[in-house]
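Novice: Attaching a single structure in structure tokens format; questions to follow.
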Amino acid sequence: MSKYHVLQDVKDCIGCRACEVHCKEKNSSGPGVYNCKMVEVVAPAGKKMRVDYVYLSCFHCKKPWCVDACPTGAMRQRDEDGIVYVEGASCVGCKACITACPWTVPQWNPETGKVEKCDLCKDRIDAGLEPACVTKCTTGCLTFTTPAKASQASRQAFAERIMKHRR
Amino acid sequence: MAEMKHTICGMCAVRCPITVHVENGRPVWLEGNANDAAMGKSLCAKGGATFAQRDDKQRPLGPLLRMGKRGEGQWREVSWDEAFSFITSKLEGIIAEHGGRAVMMSDRGGPFADLRQAFMKAIGSPNYMNHDCTCGRNTHHASRSVYGMGRKDFAYDYENARHIVLFGRNITESLRVKEVKSVLKGLKNGAHLTYIDPRFSVTAGKATRYWQIKPGTDYALLLAIAHVVVDKGYYDAEFVERYVTGLDEFRTFLGPYTPEWAEKETGIKAKDIEAFCFQINEDRPKVIFHPGWMYTRYRDSFYASRMLHILNALMGSIEQKGGLFYVKGAKDAGKKGLKSIAGSIPAVKEERADGCGSRYPYFDTSGGMLHLAFDALDKADPYPIKAYFIHRHNPLIALPDPVEQRRILDKLDLIVSVDVNYSESAWYADVILPENTYLERGDILRMEKGLKPGFGRRQQCVVPLNNTKAGWEIYLELARRLGKEEYLPFKTLEDIWAFQLQDTDVSIEDFDAKGFVKLSQDAIWYDRDKLSFGTESGKIELFNQKLESQGVPSFIPYTAPEEAPAGSFRLLYGRCGYQAHGQHQNNPILSQLLDENHLWIHPEPAAELGIKEGDLVEVSSGDVTGHIRARVTNMIHPEAVFMLHGFGTQVPLQKRALNKGLADQIFMQGKLTDWDKAGGGVNICQSFVTIKPAVSQELK
């Protein structure tokens with residue numbers, strides 16, 4: 001898995017889909033391609049009404065099925081940080097990666113006949129910036145972090161709640 | 001290296017501060033203007049689709065002159081010179097015969113309207129209107145009736161609130177970036193959020209209390225809330241004693257409106273209303289009753305909004321952290337404001353065609369009432385109207401009944417549309433003058449009122465890709481050709497900026513660093529012991545004698561809404577966070593997010609009608625029928641159906657959006673004249689439709 005983690009605070013997400021648009025704009029992704037996607041989930045009938053939006057992108061696995069499945073070496077993983085990305089020039093559009101991924105994450109661009117996927121805006125990361133979706137999230141519900149930092153932040157917040165309610 | 005330019009977004013009417021990075025003349029990155037801490041780098045989906053709009057070729061790319069009949073879509077591309085000559089020669093004839101008053105304009109409105117108002121004054125017309133008759137007019141007039149001040153003279157400190165109450169003010173979807181961030185901060189700080197709407201919107205999902213109210217009964221619920229608040233003394237007695245008049249009359253009026261009574265009308269349990277009132281009493285004064293945004297829904301929305309305004313006063317939440325505050329202007333900072341262009345032109349003495357200020361003395365004349373102007377146009381009463389400028393407004397989808405509107409529009413000799421996009425209304429015009437996309441144009445400077453007042457600037461960041469012009473260029477040139485240059489003696493936008501800034505100690509270069517200039521570094525709060533209001537008494541008037549004398553009662557008894565005829569549903573509509581006012585359904589990116597809207601229908605009536613999730617259904621009202629797919633969900637009240645607004649465009653050149661989904665306004669036959677006599681707004685949620693499964697499951 002890549003050393004990075006995009007954390008979503010579902011409570012603060014309003015399902016406005018700005019993340020999808022910022023991604024599409026930044027990466028000029030093809031029609032119907034969503035490298036990140038806001039998934040709407042609604043409470044089943046009979047339960048208290050509820051709607052949540054869950055941010056789903058690529059997990060950037062440690063041992064990515066897509067990379068193993070790719071016959072041309074187009075699907076790759078960066079040594080330095082584990083980002084899984086596709087090199088468009090080498091993609092032949094066989095869709096093996098789409099089939100192999102347990103979450104069907106790689107996206108199909110019908111115009112180019114090739115696959116696209118989230119690369120965490122690695123050009124921005126290399127320039128010391130954060131992915132487009134995180135940078136411009138309408139409410140700030142997305143955080144670009146690492147699993148260790150996310151864990152620490154969550155524990156810190158929990159500990160502070162204890163302090164707040166201490167008599 | 002990219003150059004960073006600060007400007008103001010133009011994708012919707014919120015107009016957020018943004019920053020664009022330009023590299024070799026190309027815009028390469030866009031984000032919120034982080035110099036404004038409340039904004040940060042945040043940008044909504046519409047703003048995110050800015051470059052896509054600029055690159056899109058499915059919009060007017062040069063001036064167009066109508067060839068065939070109106071609405072037929074036969075256009076001839078003409079030069080700007082020919083377009084201007086055509087318009088000026090028509091206008092000269094009209095003005096010579098009927099006077100300048102025969103020209104009207106409906107404008108989207110907003111902070112850059114001063115120049116358009118100046119243009120109308122320069123040609124001698126009093127008939128400038130904004131879009132507000134289907135938006136905030138009831139709330140605005142309700143605010144004036146209680147505070148003697150407009151709805152925008154107050155703003156809301158959500159971040160520090162303890163309780164936010166929203167009657168259908170769908171803050172997460174009818175989206176203002178800074179506002180929604182502030183509300184979410186408030187919730188993180190532990191604020192309660194009570195949300196009332198027949199539809200469970202995304203905002204309902206964030207609420208600590210959600211009431212799925214029977215549609216059309218907001219006023220009943222508000223009467224009961226006010227009843228409990230007054231009856232139990234759940235109000236700020238000190239504030240009320242000092243600043244509020246008319247409480248005794250109000251108390252008497254509220255007598256019959258108990259929670260038990262309201263339960264029967266609204267479907268909200270009496271004990272829940274009591275519990276809510278108990279809670280706001282604990283939470284006050286940091287309680288915000290949002291008085292409504294687009295609150296032109298039912299025939300009593302003006303009175304519902306009055307209740308909301310009154311409740312804020314009873315909570316004592318005025319000029320209060322966590323409550324409402326007066327928006328401060330230049331004067332409050334001890335500075336001079338922007339010089340008004342329109343204000344420098346002599347007043348037009350003619351009566352307004354819509355009757356605001358004359359037949360309707362209690363209506364604000366600054367924004368007018370478009371539906372009343374349509375009526376004047378139809379009847380040539382009080383005088384003939386012959387020409388209509390539509391500036392970035394789309395009345396054919398914003399107001400009800402496009403068939404009736406077209407019949408009335410056909411009485412005009414000239415319709416000019418100034419817009420970035422093809423709209424239904426532009427398509428019906430005689431001339432389309434395409435405006436530059438907002439990154440390609442500057443605008444006049446805007447006043448930014450608030451706790452820290454200032455000025456803001458939209459500047460041109462990139463060159464226009466097509467044969468389009470900025471709005472200011474269009475109106476200056478038209479004024480010049482009509483011989484009105486003396487009133488608009490400017491050649492460039494810089495000339496206008498210099499005029500606006502002449503009495504201030506701000507120079508235009510001061511905007512370069514941050515995109516805006518603050519006139520006060522500190523938040524300005526008034527002394528709560530010395531508040532004053534714009535009413536005749538200077539107090540908050542629950543009973544407004546002046547309005548009463550003009551025939552508008554301060555309190556009206558409750559009348560239950562018209563029940564939906566058997567087998568019919570009340571038609572409700574609304575917005576999602578990634579579209580606004582039907583402007584971007586054809587945007588290359590945004591059209592991908594949702595290409596057609598759906599009809600929300602409750603599972604119980606859906607089962608009775610044999611309608612399942614995803615089924616194609618037929619929606620009918622009178623002789624109008626349309627098809628749309630059903631979303632079967634308990635998130636809509638059983639008596640209503642709901643659809644997102646702005647879909648079902650009929651403009652052929654909007655190829656991505658053409659005929660996708662269904663438009664709500666086509667089912668509102670006869671509703672152009674169904675309006676609130678007290679508040680002025682058009683009642684847009686008063687139409688009923690019948691629903692049945694479509695015979696064929698193929699979209700027609």
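The values are calculated or read from the model by the stated rules, or taken from the named source; none is laboratory data. In this text the structure is predicted, and so the values were computed from the model without any measurement. Note that each Cβ is placed from the backbone with ideal geometry, even for glycine, and that neighbours are counted across all protein chains shown. In case anyone asks, the SASA skips ligands and DNA or RNA and just uses the protein heavy atoms, side chains included. Shrake-Rupley method; radii C 1.70, N 1.55, O 1.52, S 1.80 Å.
Novice: Which of the aspartates and glutamates could be linked to B:K90 by a straight reach, that is with a Cα gap under 18 Å, when you skip same-chain ones fewer than 8 residues away?
Specialist: Partners within reach: B:D81, B:E82, B:D410, B:D413, B:D430, B:E477.
Novice: A further question on this structure: When the expected Rg is taken as 2.2 N^0.38 Å, what fraction or multiple of it is the alpha-carbon Rg of segment B:444-525?
Specialist: 1.31
Novice: Using the Cα centre of chain B as the reference point, and only Cβ charges (+1 on K/R, -1 on D/E), how large is the resulting charge dipole? Debye, rounded to the nearest 20.
Specialist: 860
Novice: How much length is gained if the chain between B:R242 and B:F278 is pulled fully straight, taking 0.36 nm per residue apart and subtracting their Cα-Cα distance, in nm to one decimal?
Specialist: 10.6 nm
Novice: Take A:H165 and A:Q152, extend 7 Å from each Cα along the Cα→Cβ direction, and tell me the distance between the two endpoints in nm.
Specialist: 2.6
Novice: Rg (Å, one decimal) plus Dmax (Å, integer) for the alpha carbons of segment B:158-322?
Specialist: 14.8, 42
Novice: What residues in segment A:14-35 lose 20 Å² or more of accessible surface when the other protein chains are added to their chain alone (1.4 Å probe)?
Specialist: Those residues are A:I14, A:C16, A:R17, A:V21, A:H22, A:K24, A:E25, A:Y34.
Novice: Still on this model: Could you please report the charge total around B:P198, scoring K, R as +1 and D, E as -1 over all other residues with beta-carbon less than 12 angstrom from its beta-carbon?
Specialist: +1
Novice: Given 0.36 nm per residue, what is the gain on full extension from B:S537 to B:E485 after removing their alpha carbon distance, in nm?
Specialist: 14.4 nm
Novice: Along the Cα-to-C-beta direction of B:R251, a point sits 7 Å from the Cα; which residues of segment B:538-558 have their amide N less than 15 Å from that point?
Specialist: B:542-543
Novice: Hey, in the GNM for chain A with a 10 angstrom Cα cutoff, which one of A:C13, A:C23, A:C133 fluctuates hardest?
Specialist: Among A:C13, A:C23, A:C133, the largest mean-square fluctuation in the Gaussian network model of chain A belongs to A:C13.
Novice: Continuing with the same structure: To the nearest 20 Debye, how big is the dipole of segment B:305-387 about its Cα centre, given +1 on the beta carbon of each Lys and Arg and -1 on that of each Asp and Glu?
Specialist: So the magnitude is around 500 debye.
Novice: Using only Cα atoms and rounding to the nearest 10 degrees, what angle (0 to 90) does helix A:18-27 make with the longest principal axis of chain A?
Specialist: Around 30 degrees separate the two axes.
Novice: For chain B, which span is the longest to avoid every loop-located (per DSSP) member of chymotrypsin sites (Phe, Trp or Tyr not before Pro) having at most 14 other Cβ atoms inside 10 Å?
Specialist: The longest uninterrupted stretch comes out as B:1-524.
Novice: Kindly provide the pair-distance distribution of chain A built from C-alpha pairs, with 10 Å bins from 0 and whole-percent values in order of increasing distance.
Specialist: P(r) for chain A, in whole percents per bin: 10, 33, 34, 17, 5, 1, 0.
Novice: Separate question: Which aspartates and glutamates have a Cα lying under 13 Å from the Cα of B:K671, excluding residues fewer than 8 positions away in the same chain?
Specialist: B:K671 reaches B:D375, B:D401, B:E404.
Novice: Largest first, please: the extent of the C-alpha atoms of segment B:101-248 along each principal axis, to the nearest Å.
Specialist: Reported extents, whole Å, longest axis first: 56, 39, 31.
Novice: Let's see if you can work this out: charge +1 on each Lys and Arg Cβ, -1 on each Asp and Glu Cβ, no other charges. What is the dipole magnitude of the protein assembly as shown about its Cα centre, in debye to the nearest 20?
Specialist: Roughly 1700 debye for the protein assembly as shown.
Novice: Can you give me the distance in nm between label points at A:K3 and B:E350, each placed 7 Å from the Cα along the Cα-to-Cβ direction?
Specialist: 7.2
Novice: Continuing with this model, one more query. For a Förster distance of 51 Å, can you work out the FRET efficiency between the beta-carbons of B:W261 and B:K411, rounded to the nearest 0.05?
Specialist: E(calc), rounded to 0.05, equals 0.60.
Novice: Spin-label point model (7 Å from Cα, Cβ direction): what's the B:E608 to B:S85 distance in nm?
Specialist: Going by the 7 Å Cα→Cβ label model, 6.5 nm.
Novice: Same structure, new question: Run down the aspartates and glutamates and flag those whose C-alpha is under 17 Å from the C-alpha of B:K5, throwing out any fewer than 8 positions away in its chain.
Specialist: Within the straight-line limit of under 17 Å, B:K5 reaches these aspartates and glutamates: B:E23, B:E31, B:D36, B:E440, B:D443, B:E494, B:E509, B:D510, B:D512.
Novice: Over the C-alpha atoms of the protein assembly as shown, what are the Rg and the largest Cα-to-Cα span, Dmax, in Å?
Specialist: Gyration radius and largest Cα-Cα distance of the protein assembly as shown: 27.4, 84 Å.
Novice: Here is the link list: A:K37/B:K514; B:K484/B:K677; B:K57/B:K518; B:K41/B:K185; B:K269/B:K546. Which ones come out longer than 27 Å on Cα distance?
Specialist: A:K37/B:K514; B:K484/B:K677; B:K57/B:K518; B:K269/B:K546
Novice: Only bridges whose two residues both fall in the protein assembly as shown count here: according to DSSP, what percent of them are antiparallel, nearest 5?
Specialist: Once the DSSP bridges in the protein assembly as shown are tallied, antiparallel ones form about 60 percent.
Novice: For helix A:147-164, what angle does its Cα long axis make with the longest principal axis of chain A, in degrees from 0 to 90 and rounded to 10?
Specialist: With both axes taken from Cα atoms, the answer is about 10 degrees.
Novice: Next question, about the same structure. Looking at the calculated P(r) for chain B, what percent of the C-alpha pair distances fall above 47 Å?
Specialist: The share of Cα pairs beyond 47 Å in chain B comes to 14 percent.
Novice: Now for a different question. Take the Cβ-Cβ distance between B:R528 and B:L465 as r, set R0 to 56 Å, and report the resulting FRET efficiency rounded to the nearest 0.05.
Specialist: 0.60
Novice: Continuing with the same structure: Shape call for segment B:64-178 from the C-alpha gyration tensor, a ≥ b ≥ c root eigenvalues: rounded (a/c under 1.5), prolate (a/b greater than b/c) or oblate?
Specialist: Because a/c hits 1.5 or more and a/b exceeds b/c, segment B:64-178 counts as prolate.
Novice: While we're on this one: List the chymotrypsin sites (Phe, Trp or Tyr not before Pro) within segment A:74-167 that fall in a DSSP loop (any state other than H, G, I, E or B) and whose Cβ has at most 13 other Cβ atoms within 10 Å.
Specialist: A:W103
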